[in-house]
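Structure, as structure tokens:
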Amino acid sequence: MPSNITINNEFLSVTVSPDAGASLRSISVKKNGVEHELLVGGELDHDPAELPHGSGSFIMAPWVNRIRDGRLVAPDGIHNLPINAPPHAIHGLVRDRVWTVSQQTESSVVLDIDLADPWPYAGHIEYSISLRARALIQTMRLTAAPGETRPFPGGVGWHPWFKKSLGSGDMTIRADVAGQWQLDNTMTAQGTRSVSELVDRLQEGTHIATGEVDGCFLAEPHAKTILSWPELRFTISSSATVTHLMFYSPEHAICVEPQTSTIDAAQLEERGVADTGHVLVEQSKPLIATTTWSWD
């Protein structure tokens, strides 16, 4: 039977659902004797086999966000991926699948999964989650499987739905972003960036209104993003391979998504667009990305 896993230390507990895409269901932090749940739906009972839309935090891989028309551009040709958010393929192929738990301790867990059809390449993802003092450290390693000789485009990312308020007031965000990608009316990158008014505001720190943003931002190297509620300050910092941040502000949450590339990076790369985060994955050249979430 599917079951959830909870890891913890003296400062926090994190609940993971291996059978629901290795999703995070709860991040509960302790500060001054008070527990604060940071994820939407985190305080509810969690069906270990299903992550309700708009809650928790799910994994995006082997690509992030949208691929225009499901058209995966690769060195060995064009591959057509299923259109699951017309007219595009969105958020990868592993968020609804069952992951294997390969290691587990009181404060850490390692999960893994093989890539399968309709992904056209043999590959593997390892996802480690560990707690260290007041930090949640997450690392994904995407690699080609033994015998897969074709390099393939790869991307990984995290899609958390953070609570706008922990009870006393709405979140403020400050982020080290360098530019915002221009999106078309289907929310897919066109290939140009600008230093928008929202970029300036994020650099200084800002509230984000409901419906204000669903956009992708080029991050500064080793960028830090600080989410501040009246109750606590929460910092997202990532490895150099995490080149982009997606921000999304629906009515009930604020999504702050560390990811290794922009939207539709492979198609933009084919057109000669720079700074997309596009990489090719091989067995000897895995894509390794780490994001560390900590608080004061």
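Quick note: the coordinates plus some simple rules give every number you see, no bench work behind them. All of these numbers come straight from a predicted model, not from anything done at the bench. Using ideal geometry, Cβ is built from the backbone for each residue, glycine included, and neighbour counts are taken over all protein chains shown.
Quick notes on this one:
- THR172 being more than 25 Å from VAL273 (Cβ to Cβ), in contact (Cβ under 8 Å) with a residue 60 or more places away in the chain and β-branched (Val, Ile, Thr): no
- Any strands (runs of 3 or more DSSP E) falling wholly within region 21-71 and containing at least 1 residues that are surrounded by fewer than 22 Cβ atoms within 10 Å (Cβ to Cβ): 23-31, 34-37, 66-68
- In the set (1) in a loop (DSSP other than H, G, I, E, B); (2) within 16 Å of the chain's Cα centre (by Cα); (3) not hydrophobic (A, V, I, L, M, F, W, C), the condition left unmet by THR225 is number (1).
- Some residue of region 251-265 being in a helix (DSSP H, G or I), touching a residue at least 12 places away in the same chain (Cβ under 8 Å) and out of contact with any Cys (no Cβ under 6 Å at 6 or more places or on another chain): yes
- Lone qualifier among ASP184, ASP170 - being under 21 Å from LYS31 (Cβ atoms) and among the acidic types (Asp, Glu): ASP170
- Enumeration of residues in region 63-83 that are of a type in the set (Asp, Glu) and either in contact (Cβ under 8 Å) with a residue 24 or more places away in the chain or within 19 Å of PRO286 (Cα to Cα) (or both): ASP76
- Filter pass, SER3 being out of contact with any Cys (no Cβ under 6 Å at 6 or more places or on another chain), closer than 21 Å to PHE247 by Cβ and touching a residue at least 12 places away in the same chain (Cβ under 8 Å): no
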